[in-house]
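The values are calculated or read from the model by the stated rules, or taken from the named source; none is laboratory data. Quick caveat, the model's predicted, so the values are computed rather than measured. Backbone-built Cβ (ideal geometry, glycine too); neighbour counts: all protein chains shown. Keep in mind that these areas ignore ligands, DNA and RNA; they rest on the heavy atoms of the full protein, side chains included. Shrake-Rupley method; radii C 1.70, N 1.55, O 1.52, S 1.80 Å.
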Amino acid sequence: MKNLIESWDHLIEGWVDKKIILFLDYDGTLTPITHSPSQAILSQENKELLEHLVKIPAFQVVIISGRTLIDIKQMVGVGGILYIGNHGWEIEGSSMHFESLIPVQVSSLMKKMKYELMTQLSDIPGAFVEDKGVTLSVHYRLVSPHQEFLVKRIFDHISMPYRRKNEIKAHAGKKVFELKPPVEWDKGKAALWLLRKHEILKGKGNVLPVYIGDDSTDEDAFEALKNKGITVFVGTSKSSGAQYCLAGPQEVTELLRHMVGVYEKL
């Protein structure tokens, strides 16, 4: 993958006359990965850059995260942004609203698994279950390395019977296991949903999605937006489906500086 900063001068020529939908993941993209989600605080510089970008008519800034909608809105705290939480299940902002309809039986199943997971993981220091309403996350970033296999064993033991019957879906991220409803919906489908809404307003070919993320869940969006926009992996993975890469959150900040600098001169 080519580094997006190094390709900036070439790429920007094709951007200036289009509506840019700038999708930004949060943890690992706008902020470094931390031991605890609560420690991933948005820097003042990034917050100010986002505040600049939302004022530029060419941009629709989108924060897309695995965090809940309430959580990600509180962490970023910038008006004028469209927020997508729960890997696409919650969308709100910029006069748009999407609310997923989860069957009652799935909600009941989530509550049952939450109780079982919390009970069986309670003896493993550092492991905890996050109830996101629509989804469940089992975090083990603070678990000692020699006990990580126990977390996976418990997670599989509780969830596998339901996964085999396709009553629930599971996904492994960075030191987290996630359970979701058995519905074909993810960050990629959420990104396409938003892209199509903008294409209806602006016309197909006049909208450019730019998606920047670091997690395995962002790969769904990289695949969905292939040949439709610019996809950027944050990190050093050689197996990502993204077209470009950025070394880390510090280069994401540098890219945002470039964007603000170019478009404020137009």
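Key figures for this structure:
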quantity	calculated
Single match in Val134, Val129 (criterion: under 20 Å from Asp71 (Cα atoms), hydrophobic (A, V, I, L, M, F, W, C) and assigned to a loop (DSSP other than H, G, I, E, B))	Val134
Strands (runs of 3 or more DSSP E) fully within the range 1-110 counting 1 or more residues that are under 18 Å from Leu256 (Cα atoms) and hydrophobic (A, V, I, L, M, F, W, C)	19-24, 59-64, 82-85
Residue count for the range 142-174, restricted to those that are β-branched (Val, Ile, Thr), over 22 Å from Glu184 (Cβ atoms) and either assigned to a loop (DSSP other than H, G, I, E, B) or out of contact with any strand residue (DSSP E or B) (no Cβ under 8 Å at 6 or more places or on another chain) (or both)	3
Matching entry among Ala242, Ala221 (being in contact (Cβ under 8 Å) with a residue 12 or more places away in the chain, assigned to a loop (DSSP other than H, G, I, E, B) and open to solvent by less than 50 Å² (accessible area, probe 1.4 Å))	Ala242
Residues of the range 123-139 classified as open to solvent by less than 80 Å² (accessible area, probe 1.4 Å) and more than 18 Å from Asn86 (Cβ to Cβ), total	3
The range 224-239 - residue that is of a type in the set (S, T, N, Q) and either over 17 Å from the mean Cα position of the chain (by Cα) or open to solvent by 20 Å² or more (accessible area, probe 1.4 Å) (or both) and, of those, modelled with the highest pLDDT	Asn227
Qualifying residue in the range 140-154 (condition: open to solvent by 70 Å² or more (accessible area, probe 1.4 Å), in contact (Cβ under 8 Å) with a residue 12 or more places away in the chain, of a type outside the set (S, T, N, Q) and touching a Lys or Arg at 6+ places or on another chain (Cβ under 7 Å))	yes
